[in-house]
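**Student:** Got a structure here, written out as structure tokens. Questions coming.
The values are calculated or read from the model by the stated rules, or taken from the named source; none is laboratory data. No experiment lies behind these values; they were computed from the predicted model shown. Because the Cβ atoms are built from the backbone with ideal geometry, glycine has one as well, and the counts that use them run over all protein chains shown. Note: areas computed on protein heavy atoms with side chains; ligands, DNA, RNA excluded. Shrake-Rupley method; radii C 1.70, N 1.55, O 1.52, S 1.80 Å.
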Amino acid sequence: MKQSAEKHHPMPNGLPLLETQFERYGAAAIILVLVVGSQFLSGYYVSLLTTITIFSLAAMGLNLLSGNAGLISIAHAAFMGVGAFTAAWFVIDMGLPLLLALLLAGFVTAVVGLLFGLPSLRLSGVYLILATFAAQVILYWFFEQALWLTKSPDGRPVGIASIAGFHFDDSAHYFLLVLAFTVAGGVVYLNLLRSGLGRSMEAIRDRPVVAQLMGMNLQKTKLVAFATGHFYAGLAGALYGWHLQFVATEAFNLMRSIEMLVLIIIGGLGSLAGAVLGAIFIVLVPEFLDMAGNRLLDDVSVIAPLRLGIFGLLVVLFLLYEPRGLARSWRKTVHLFNNQIFKNQTKQNRS
Amino acid sequence: MDYFWGLLINGILVGSIYSMVALGFVLIYKASKVLNFAQGELLMIGAYICLELVYQLQIGVPGAFLLTLVLMSVMAILIERLVLRRMMNAPVMSVVMVTIGIGIILRSIVLLVWGPITLHFPAWIRDVPVDLGFVRVSVIYIYSFVTCLIFMAGFGLFFRYTRTGLVMRAAASSQVAARSVGVPLHRVFALAWVVAAIVSAAGGVITGNIAGLTPELSAYGVRVFPAVILGGLDSIVGTTIAGVIIGVIEELGGGYLRDWTGLSGLGTVAPFIVLIIILWIRPQGLMGTKEVERL
């Protein structure tokens with residue numbers, strides 16, 4: 001992650017990609033552990049890791065859109081679906097190579113997103129919420145009806161991903177591909193945030209009038225945020241399709257879209273750590289609840305609604321008591337840790 | 001032609017339910033700028049509570065209905081007091097998500113207590129078709145239409161002629177001005193939630209009597225969105241008219257477009273397509289305030 005040039009020639013605006021030494025080494029260490037560790041894990045854990053990584057990528061898009069630019073979308077899962085189905089169509093029906101199809105799927109999703117979002121970008125936030133809700137309903141219905149694209153109302157099988165003759169038949173190998181895309185997505189996300197564009201997104205979110213007075217281009221900034229956010233959604237959706245080897249319509253329903261929003265709120269709005277922590281939370285907690293439910297109760301008709309209720313309760317409690325999410329809890333811990341070390345160092349210096 | 005009239009009348013009758021539920025949605029939005037995504041779940045749980053009262057207390061549907069309205073008012077006050085009041089200065093996103101969270105909790109309660117199966121009210125109205133001259137409608141639809149009219153007229157008069165109604169209108173038109181002349185905003189918000197819960201429960205009981213109860217009743221909450229956008233997000237009159245229009249679009253869409261296009265489920269989707277089109281061409285809706293941010 002760290003570029004050696006950065007140390008000697010800092011960015012003109014003085015913002016490095018990752019702010020502290022701790023974060024830089026931490027990120028490198030996490031990636032290294034994931035790359036090596038994933039090759040030794042059993043299929044179940046690799047699958048969980050892959051899902052978390054894909055959700056992180058999708059969440060970066062939504063976090064950019066809703067967290068940083070303040071454009072709230074309740075259709076993120078539906079746009080992931082657009083990416084998944086178009087990528088499948090490009091590869092299977094058009095015979096394009098996978099990498100090209102993934103990128104094209106991202107572009108198509110961005111265009112479809114603009115189609116729904118463009119009118120309400122001129123209006124206040126509540127209109128965009130309702131417009132994206134409509135997009136969720138319309139797109140889901142479209143997936144069920146447009147059989148030339150989706151083959152069956154339930155979805156279409158896509159088989160095993162392959163690039164230039166290399167088949168990803170080992171799920172641990174596919175995880176590496178997903179990880180590469182997610183790391184790249186993370187670098188782009190961080191880069192965007194430290195650029196003028198990223199910071200004008202946040203300015204426009206907080207004080208639109210002041211931002212405009214200072215010469216920021218509202219429309220252009222919102223458009224870029226909207227297109228970029230949906231590009232992430234499309235890419236993540238396409239990767240999700242080949243992860244399950246089946247593009248399932250059901251995976252892109254309203255509940256999943258709500259989950260994506262809950263993900264970034266619980267993780268932390270507007271930060272990379274928020275997207276990743278939220279993804280870990282949203283994938284592992286239901287998994288854990290299912291395990292606990294199966295141990296303690298045998299009645300399936302109770303487990304599912306109970307899980308739903310706990311999920312709803314978590315959402316409400318998080319919003320009431322930790323509205324800035326896990327990323328803030330994490331930062332608080334890190335600061336505490338740093339202060340402790342700093343204190344010790346000053347003590348040593350004095351003695 | 002009979003087919004057309006049948007669909008049209010059905011649409012108007014279903015639409016009157018939308019209008020009534022949309023009234024609650026717009027009222028909360030006007031009073032506190034909160035988009036209430038739990039509206040459908042309020043409708044659903046209202047219907048289930050009424051059903052439970054009917055079978056537990058044996059007081060007949062009308063009696064149970066009135067008792068339901070009381071219970072729903074209590075629940076609305078609790079929701080406002082325990083959750084929404086603490087979110088008063090929170091960003092739009094958090095408020096929207098909190099109402100979604102409340103909706104999810106209500107839905108899980110219904111699934112836990114009553115399960116996903118379809119339940120039915122006891123038949124308390126003899127279901128005879130009424131001849132309107134050009135088309136025959138089930139009498140229960142007439143009852144539902146009249147009930148909706150009574151509720152909407154009742155709230156119309158309440159806002160027009162009572163002091164409390166005046167205070168609520170004041171708060172809705174400008175929070176700052178209302179607060180500066182001493183309007184207790186939190187009580188207005190609580191009252192808006194009570195009204196929303198009452199109209200939702202009424203809608204739920206009516207629909208439940210027509211079609212039976214399933215957790216899917218909560219879908220009515222989101223079907224109100226197109227009506228709200230079409231009518232204008234902050235216009236109660238506009239929304240009332242738009243509710244009926246959306247009901248008609250839904251019925252005609254489901255009835256005719258399916259035959260023409262061969263696509264199923266177009267009825268429920270058509271209003272949302274209308275929503276997007278409205279946003280493209282006339283975002284303030286039929287009667288809403290124009291607040292387009294020209295960029």
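**Student:** Longest span of chain B, sites excluded, free of chymotrypsin sites (Phe, Trp or Tyr not before Pro) in DSSP loop with at most 13 other C-beta atoms within 10 Å?
**Tutor:** The reported range is B:135-295.
**Student:** Which residues, if any, in the stretch B:33-47 have at least 40 Å² less accessible area in the whole protein complex than in the isolated chain, probe 1.4 Å?
**Tutor:** For the stretch B:33-47, once contacts with the other chains are taken into account, B:Leu35, B:Phe37 lose 40 Å² or more.
**Student:** Another question, if that's okay. How do A:Leu289, A:Leu65, A:Leu336 rank by accessible surface area computed with a 1.4 Å probe, from largest to smallest?
**Tutor:** Per-residue accessible area, sorted high to low, gives A:Leu336, A:Leu289, A:Leu65.
**Student:** Just to be sure I understand the interface: list residues from the stretch A:297-311 that lose 50 Å² or more of accessible area between the chain on its own and the complete protein assembly, 1.4 Å probe.
**Tutor:** By number: A:Pro305, A:Leu308.
**Student:** Between beta-carbons, use under 15 Å as the cut-off and find the net charge around B:Ile28, counting Lys and Arg +1, Asp and Glu -1.
**Tutor:** Result for the neighbourhood of B:Ile28: +3.
**Student:** With +1 assigned to the C-beta of every Lys and Arg and -1 to the C-beta of every Asp and Glu, and no other charges, what is the dipole magnitude of chain A about the Cα centre in debye, to the nearest 20?
**Tutor:** Computed charge dipole of chain A: roughly 1520 debye.
**Student:** With labels modelled as points extended 7 Å from the Cα through the Cβ direction, what inter-label distance (nm, one decimal) is found for B:Arg282 paired with A:Ala184?
**Tutor:** 4.7 nm
**Student:** Taking Rh as the Kirkwood radius, which is the inverse of the mean 1/r over Cα pairs, what is the Rg/Rh value for the protein assembly as shown?
**Tutor:** 0.99
**Student:** With Kirkwood's inverse mean 1/r over C-alpha pairs for Rh, give me the Rg to Rh ratio of the stretch A:199-351, two decimals please.
**Tutor:** 1.10
**Student:** While we're on this one: What shape does chain B take by its C-alpha gyration tensor, where a ≥ b ≥ c are the square roots of the eigenvalues and a/c under 1.5 counts as rounded, a/b above b/c as prolate, and the rest as oblate?
**Tutor:** oblate
**Student:** Name the residues of the stretch A:99-116 whose amide N is less than 11 Å from a point 7 angstrom out from the Cα of A:Leu149 along the C-beta direction?
**Tutor:** A:108-109, A:112-113
**Student:** While we're here: Tell me, what is the FRET efficiency for B:Ser173 and A:Gln39 to the nearest 0.05, using R0 = 45 angstrom and their Cβ-Cβ distance as r?
**Tutor:** 0.10
**Student:** Where the centroid of each part is defined by its Cα atoms, how far is the stretch A:14-85 from the stretch B:13-39 in Å?
**Tutor:** Between the Cα centre of the stretch A:14-85 and that of the stretch B:13-39, the gap is 37 Å.
**Student:** Within 10 Å, at most 15 other Cβ atoms, and a DSSP state outside H, G, I, E, B define an exposed site. Report the longest part of chain B free of exposed GluC sites (Glu not before Pro).
**Tutor:** With a cap of 15 other Cβ atoms within 10 Å, the longest stretch comes to B:1-290.
**Student:** Quick test of the membrane-span-like rule: which DSSP H helices of chain B reach at least 30 Å along their long axis (C-alpha atoms) with mean Kyte hydropathy at least 0.0?
**Tutor:** Membrane-span-like by this rule: B:2-32, B:60-82, B:92-113, B:139-161, B:185-211.
**Student:** Grab the DSSP H runs of chain B that are 4 residues or longer, score each as -39,500 (n - 2.57), total them, divide by all residues and round the 222 nm result to the nearest 500 deg cm²/dmol.
**Tutor:** -24500 deg cm²/dmol
**Student:** Build a GNM of chain B with springs between Cα atoms under 10 Å: which of B:Met87, B:Met44, B:Met152 gets the top mean-square fluctuation?
**Tutor:** Of B:Met87, B:Met44, B:Met152, the Gaussian network model singles out B:Met87 as fluctuating most.
**Student:** Tell me which chymotrypsin sites (Phe, Trp or Tyr not before Pro) from the stretch A:132-162 have a DSSP coil assignment and no more than 12 other beta carbons within 10 Å of their own.
**Tutor:** Qualifying residues, ordered by number: none.
**Student:** For peptide A:116-122, compute the average count of partner chain beta-carbon atoms within 10 Å of each residue's beta-carbon.
**Tutor:** For peptide A:116-122, the averaged partner shielding equals 4.
**Student:** For a Förster distance of 35 Å, can you work out the FRET efficiency between the beta-carbons of A:Asp169 and A:Glu19, rounded to the nearest 0.05?
**Tutor:** Calculated value: 0.30.
**Student:** With a ≥ b ≥ c taken as the square roots of the eigenvalues of the C-alpha gyration tensor of the stretch B:50-168, please select rounded if a/c is under 1.5 and otherwise prolate if a/b is larger than b/c or oblate if it is not? Display every interim value, and only then the final one.
**Tutor:** Numbers: a/c = 2.08, a/b = 1.38, b/c = 1.50.
Cα axes put the stretch B:50-168 in the oblate bin.
**Student:** Here is the link list: A:Lys151/A:Lys220; A:Lys220/B:Lys33; A:Lys222/B:Lys30. Which ones come out longer than 31 Å on Cα distance?
**Tutor:** In this structure, A:Lys151/A:Lys220 lie more than 31 Å apart at Cα.
**Student:** Would you jot down the residues in the stretch B:93-130 that end up with at least 20 Å² less accessible area in the complete protein assembly than in the chain alone, with a 1.4 Å probe?
**Tutor:** Checking the loss per residue gives B:Met93, B:Ser94, B:Val96, B:Met97, B:Val98, B:Ile100, B:Gly101, B:Ile104, B:Ile105, B:Ser108, B:Leu111, B:Leu112.
**Student:** Rounded to the nearest 0.05, what FRET efficiency do A:Leu313 and A:Glu287 have when you use their Cβ-Cβ distance and R0 = 22 Å?
**Tutor:** 0.80
**Student:** Hey, in the GNM for chain A with a 10 angstrom Cα cutoff, which one of A:Leu41, A:Leu103, A:Leu64 fluctuates hardest?
**Tutor:** Evaluated over chain A, the most mobile residue of the options is A:Leu41.
**Student:** How large is the dipole of the stretch B:9-221 about the Cα centre if only Lys and Arg carry +1 and Asp and Glu carry -1, each at its Cβ, rounded to the nearest 20 debye?
**Tutor:** Computed about the Cα centre, the dipole is about 840 debye.
**Student:** Please report the carbon-and-sulfur percent of the accessible area for the stretch B:9-221; probe 1.4 Å, protein heavy atoms only, DNA, RNA and ligands left out. Mind showing how you got there, number by number?
**Tutor:** On the way: 5890 of 8980 Å².
The computed percentage sits at 66.
**Student:** How many Å² of accessible surface get buried when B and A come together, counting both sides, probe radius 1.4 Å, rounded to the nearest 100? Numbers along the way, then the final one.
**Tutor:** Values: alone 14800 and 18270 Å², together 28940 Å².
It comes to approximately 4100 Å² buried between B and A.
**Student:** When only DSSP loop residues count, what trypsin sites (Lys or Arg not before Pro) in the stretch B:125-224 have their Cβ near at most 11 other Cβ atoms within 10 Å?
**Tutor:** Passing sites in the stretch B:125-224 are B:Arg126.
**Student:** Tell me the per residue accessible area of the protein assembly as shown using a 1.4 Å probe; a whole number in Å² is fine.
**Tutor:** Averaged over the residues of the protein assembly as shown, the accessible area is 45 Å².
**Student:** Just the number, please: carbon plus sulfur as a percent of the accessible area of the stretch A:20-253, 1.4 Å probe, no ligands or DNA/RNA counted.
**Tutor:** Values: 6250 of 8890 Å².
Of all accessible area on the stretch A:20-253, carbon and sulfur atoms account for 70 percent.
**Student:** So for the stretch A:55-144, considering every pair of alpha-carbon atoms, how many percent are separated by more than 15 Å?
**Tutor:** Here the long-distance tail beyond 15 Å is 60 percent of all Cα pairs in the stretch A:55-144.
**Student:** So, one more: Please state the charge dipole magnitude for the stretch B:55-150, taken about the Cα centre, from unit charges on C-beta atoms (+1 on K and R, -1 on D and E), reported in debye and rounded to the nearest 20.
**Tutor:** Roughly 280 debye for the stretch B:55-150.
**Student:** Given Cα pairs under 8 Å that are at least 6 residues apart, what percent is the relative contact order of chain B?
**Tutor:** The value is 36 percent.
**Student:** Taking the convex hull of the alpha carbon atoms in the stretch A:20-253, what volume per residue do you get, in Å³?
**Tutor:** 122 Å³
**Student:** Identify which of B:Leu35, B:Leu82, B:Leu191 has the largest mean-square fluctuation in a Gaussian network model of chain B, with springs joining Cα atoms closer than 10 Å.
**Tutor:** Highest fluctuation among the options: B:Leu82.
**Student:** If we count every other residue with Cβ under 13 angstrom of B:Val195's Cβ, Lys/Arg +1 and Asp/Glu -1, where does the sum land?
**Tutor:** Taking every Cβ under 13 Å from that of B:Val195, the sum is +2.
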